[in-house]
1. With every protein chain in place, what's the accessible area of Tyr219 (1.4 Å probe, Å², nearest 10)?
2. How would you order 232-239, 107-114 from highest to lowest mean count of nearby Cβ atoms within 10 Å?
3. Heavy atoms of the protein only, probe of 1.4 Å, neighbouring chains included. What is the accessible area of Arg368 in Å², nearest 10?
4. Pick the calculated percent of Cα pairs over 44 Å apart for this structure from (1) 53; (2) 13; (3) 20?
5. What is the local net charge at Asn180, summed over the other residues whose Cβ is closer than 12 Å to its Cβ (Lys, Arg +1; Asp, Glu -1)?
6. How big is the accessible area of Val384 in square angstrom, nearest 10, if you roll a 1.4 angstrom probe over the protein chains?
7. Can you give me the accessible area per residue for segment 303-431, using a 1.4 Å probe, in Å²?
8. Could you work out the helix-only [θ] at 222 nm for the chain, with each DSSP H run of four or more residues adding -39,500 (n - 2.57) and the total divided by the number of residues, to the nearest 500 deg cm²/dmol?
Amino acid sequence: MNRKSQKALGFTPLTVTLLALSLQSLQASPLETTVELGAGLEHSSNALKTSTGERSELEQQAIAALGLNYESSSVIAELDYITRFTVYDENTQSDQAEITGDASITYEQMDDQLYWTLENNRRNLVRDRALANIQSNREVRAITTIGPELILRPSASDAIYTGLSYSDTSYDDSDQQNSNSTGASISWQRSLSEVDVASVNINYQDVKFDAGLGDNQYYRATIGYSASLSKLSYNIDVGYNTSQRESGDANGGYFQAETIYLSRSSSWRLAGLHELTDTSRGGEVGDFVDIGDFYNSALEVDVFELTYLELEYSNSALCGACLFSAAVLVQSEDYEELDNDSDEYAFGTSLTYQINSLLTGGVLLGYRDFSFKNNNARDDYTIVNVGFEVNQTLTRQFSVVYSLGYEQGDSSASTGDYDELRGGIWIVYVF
């Protein structure tokens, strides 16, 4: 593999070396793998999501997905990637090819003491949230991180975790956001009982942008507490973080918490975060239920304060053959220099029903309200999504998926209003 192909996949030569060594050990043992191939057609009544000059489009798509899980005495590996090719018949946009997904490989070099971890994630992001959410306004960000972790145990109740890391972040188009960082961390954790742990944590990152603008040094100090009960688990970290750079320092409080409750047929998850980050690293809020990832690459370089709160719920007992899920998201971004401050509120819900052993139907609803702050001249907007999907199983490995969706955009400027109707059919084969 040459250097160019390594860059395209979001890997660096160092991480490729570790990956190759890990794969050698994987090849010697059985793997749990899933391979999925698919092809489909999807028609849009308004491919560019505009209020005037609407253009219909027929998208031809092909996908190849690979999932891998492996665990041995010294290696744990998880991999989940999807390659997607899209051809636009009416040339409303350029044809696209992309790889998205996640990989994680952990190697235990010394029993219960020294670990090496390699992680890679690739996300398709909106470049500018003030513009329409179409493929020409999206790009893939790849983050690859590698590093060792050493665990020292001075007593039966105490453990000291020390770690080093190197991370590379690259964007397909926004080269000004490309960066790398070196980091160090130390955490003292004390077991208070069999179910709860208290901790003191210090983290450091030296972030350097390839373009030479926006370099910063990030420091964070927190105290934490976590507990794991039979049905309830939760963790909380509270402290202080600062980002130091030539143009001026940014600092403030840090807060991270997550609570998960699991019962026989339902689950609840509540998560919150308040932190400083930069436009290259972004904030790993996660994929919001059935609405898609709307994190943006900001176009320019800056440090910003990210605050979000997310509540998720799922239930499999509403009826004998259905699964219901819902989520609510509140998010705010406050930039140090850029005029990108924003607030966002979103809601998503879905209901899947097993009609019979060969037929499954699903309905989803999504709502998103996005607004710029501080009298920003860019337009605020809301987006509503409604979708319906049917999955027909023809054989154990072969299925057909039919989809129909409607999207409405309502902008503070009438030129940003639009309606779009989409319908498609997919053929999927799972090995």
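The values are calculated or read from the model by the stated rules, or taken from the named source; none is laboratory data. It should be emphasised that the depicted structure is a prediction, and the values quoted were computed from it without experimental measurement. Methodologically, a virtual Cβ is constructed for each residue, glycine included, from the backbone with ideal geometry; neighbour enumeration extends over all protein chains shown. When the accessible area is computed, the model is the full protein with side chains, heavy atoms only, and any ligands, DNA or RNA have been set aside. Shrake-Rupley method; radii C 1.70, N 1.55, O 1.52, S 1.80 Å.
1. The value for Tyr219 is about 80 Å².
2. Put in order of decreasing packing, that is 232-239, 107-114.
3. We get 10 Å² for Arg368.
4. Looking at percent of Cα pairs over 44 Å apart for this model, the match is (2).
5. Here the charged neighbours net out to -2.
6. 40
7. Details: 6660 Å² over 129 residues.
With all protein chains present, segment 303-431 gives 52 Å² per residue.
8. Values: 2 runs with 21 residues, N = 431.
Value at 222 nm, helices only: -1500 deg cm²/dmol.
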